[in-house]
Amino acid sequence: MKHLLSCDGLSRDTATAVLDTAEALKQTLLGREVRKLPTLRGRTVITMFYENSTRTRVSFEIAGKWMSADVINVSSSGSSVSKGESLRDTALTLAAAGADCVIVRHPASGAAHRLASWLSGTHTSVVNAGDGMHEHPTQALLDAATLRERLGGLDGRRIAIVGDVLHSRVARSNVHLLTTLGAEVVLVAPPTLLPAGVNSWPVTVSHELDAELSAVDAVMMLRVQAERMHGGFFPSAREYSIAYGLSEARLRLLPDHAVVLHPGPMLRGMEIASTVADSPRAAITDQVRNGVHVRMAVLYHLLAGEEEVA
Amino acid sequence: MPRTRGAADPGGRRELLSAGDVARTVARMAHQVIEKTTLGAPDAAPVVLIGIPTRGAPLAKRLAARIADFSGVQVPTGVLDVTLYRDDLRRHPNRPLEPTSLPEGGIEDKLVVLVDDVLYSGRTVRAALDALRDHGRPRSVQLAVLVDRGHRELPIRADYVGKNVPTARSEGIEVLLEELDGRDAVELVG
């Protein structure tokens, strides 16, 4: 694997290998005094975030550091980006400065793919840490890791992805990855928050949350992305919450074994009730914990083995 | 090279140890571990056997079983994957990781016997010593291998050797174990 740009096109074997590595890393680090592995000593990882982020950036930074890579964080403010440097020039500069891996988050869909094409011919790997409304592959991988851990596997499992699917790169990556791993996905959202062309996705679509809950093994709540909404997608926050929020009453409709996921940041009281987010059914902190191991696994698969030229 | 036993098959395989030989060799190594570690003596350091995947792991279990048969002492066993500590990762395609599981009491202040199937360059053992250091500070570390095939690239030697086999670098040694391969044997390939 040279880059990780999307879950679309990621093979079942590759995805499973990354998840297995993450599981082994988690187990290896369990209860250790020194949570640092020498594997990526001397490799340089640069995170390049053109959008705000807490958990993803920190998670990648911890993952890199626990593998002994040198991690450098670049954000758009405070770098030459604010002077008007293009994404391409910034990326080429970072590669020339010696980056073995560039982790990029960008508001434009497709930014990571463009970056990878500009860097072809160099040894630098690219990881997509979220590009616009397109994909966020490491989030889907950590969701899959959490579901595997809680449910014992994904084959034949039914997962509901609920809420603002239209603006969600997390939903897109998860649809591809979860179906590749053998799960069934049902998207639950108001018609205004579903993308055009959703009919061609390998999913079923529903507008009725209550009707779906009793038959799912997991429910993934999406944040309502106000920053990407220009216009009225639903009448009011309260009405959205009543129709599509995961309330305590709805939690009781779920089967006993079912898991609640949220990629964060959460809007408590909007798409998820505060008591639901804090209930033992919610695996939200597990997702964050697994995120570190999954990102370590991704860096391992990109950087530890023989160099790939592409 | 002289033929020790068995006939070379068309693929150029020669049996060095039969299933019976493997069992006798492990039994002899168990006796040596008991003697050298003064196992069971009141002032002896507690012994733990740590297998290096893949084939060191079942070997450590077998060695522990023989030790229990001969001495009545149950020594804890564990598995230590050293992949993340290797210095040759960049020379090979990605290796999958194996699970690591150390015995309940850990390795702190224990006499750790590392167990592997073949001792060759010594690089795996070096990686294992580094990995151990991140899990605690053993009182001492010893090394047990079923086959020592020579060609060391580091100043490392084994405390317990099942069989010394002089080899050429072009040859390969294959250790087959019932648990993983369906039968016990050590074969020279190529």
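The values are calculated or read from the model by the stated rules, or taken from the named source; none is laboratory data. Note that the structure is predicted; figures quoted are calculated from it, not measured. Ideal geometry is used to build each Cβ from the backbone, glycine not excepted, and the neighbour counts take in all protein chains shown.
You will find that of B:His151, B:His135, the residue that is out of contact with any strand residue (DSSP E or B) (no Cβ under 8 Å at 6 or more places or on another chain), buried (at least 18 other Cβ atoms within 10 Å of the Cβ) and over 15 Å from B:Ala60 (Cβ atoms) is B:His135 and no other. Is one or more of the residues making up region A:33-41 away from chain B (no Cβ under 14 Å), within 20 Å of A:Ser125 (Cβ to Cβ) and surrounded by 16 or more Cβ atoms within 10 Å (Cβ to Cβ)? There is no residue in region A:33-41 that is away from chain B (no Cβ under 14 Å), within 20 Å of A:Ser125 (Cβ to Cβ) and surrounded by 16 or more Cβ atoms within 10 Å (Cβ to Cβ). When A:Ser59, A:Ser82, A:Ser77 are screened for being away from chain B (no Cβ under 11 Å), of a type in the set (Ser, Thr, Tyr), loosely packed, with under 14 Cβ neighbours inside 10 Å and in a helix (DSSP H, G or I), only A:Ser82 passes.
Among the residues of region A:270-286, are any over 16 Å from A:Leu4 (Cβ atoms), within 14 Å of chain B (Cβ to nearest Cβ), without any contact (Cβ under 8 Å) to a residue 60 or more places away in the chain and in contact with a Lys or Arg (Cβ under 8 Å, 6 or more places away or on another chain)? Quick ask: steps written out before the conclusion?
Looking only at region A:270-286, we keep the residues that are over 16 Å from A:Leu4 (Cβ atoms), and these are A:270-286.
Next cut, within 14 Å of chain B (Cβ to nearest Cβ) only: none.
Looking through region A:270-286, none of the residues is over 16 Å from A:Leu4 (Cβ atoms), within 14 Å of chain B (Cβ to nearest Cβ), without any contact (Cβ under 8 Å) to a residue 60 or more places away in the chain and in contact with a Lys or Arg (Cβ under 8 Å, 6 or more places away or on another chain).
Just to verify a result, which residue in region A:25-52, among those that are touching a residue at least 60 places away in the same chain (Cβ under 8 Å) and assigned to a helix (DSSP H, G or I), is farthest from A:Gly153 (Cα to Cα)? In this case the residue turns out to be A:Leu29.
When you check A:Leu25 against the structure, is it within 14 Å of chain B (Cβ to nearest Cβ), in contact with a His (Cβ under 9 Å, 6 or more places away or on another chain) and under 30 Å from B:Ala131 (Cβ atoms), yes or no? Spell out how you get there, then give the answer.
Working: within 14 Å of chain B (Cβ to nearest Cβ): yes; in contact with a His (Cβ under 9 Å, 6 or more places away or on another chain): yes; under 30 Å from B:Ala131 (Cβ atoms): yes.
Yes.
Is it the case that some residue within region A:90-111 is in a helix (DSSP H, G or I) and basic (Lys, Arg)? Scanning region A:90-111, I find no residue that is in a helix (DSSP H, G or I) and basic (Lys, Arg), so the answer is no. For A:His293, the conditions (1) modelled with pLDDT of 95 or more; (2) in contact with a Ser or Thr (Cβ under 8 Å, 6 or more places away or on another chain); (3) buried (at least 18 other Cβ atoms within 10 Å of the Cβ) are fulfilled apart from (2).
The single residue among A:His136, A:His176, A:His123, A:His113 that is closer than 29 Å to A:Glu61 by Cα and out of contact with any Ser or Thr (no Cβ under 9 Å at 6 or more places or on another chain) turns out to be A:His123. Reported count of residues in region A:266-310, each being under 30 Å from A:Leu119 (Cβ atoms) and not hydroxyl-bearing (Ser, Thr, Tyr), is 22.
If you take the residues of region A:10-22 that are surrounded by fewer than 19 Cβ atoms within 10 Å (Cβ to Cβ) and more than 9 Å from chain B (Cβ to nearest Cβ), which of them is nearest to A:Ala145 (Cα to Cα)? Result: A:Thr16.
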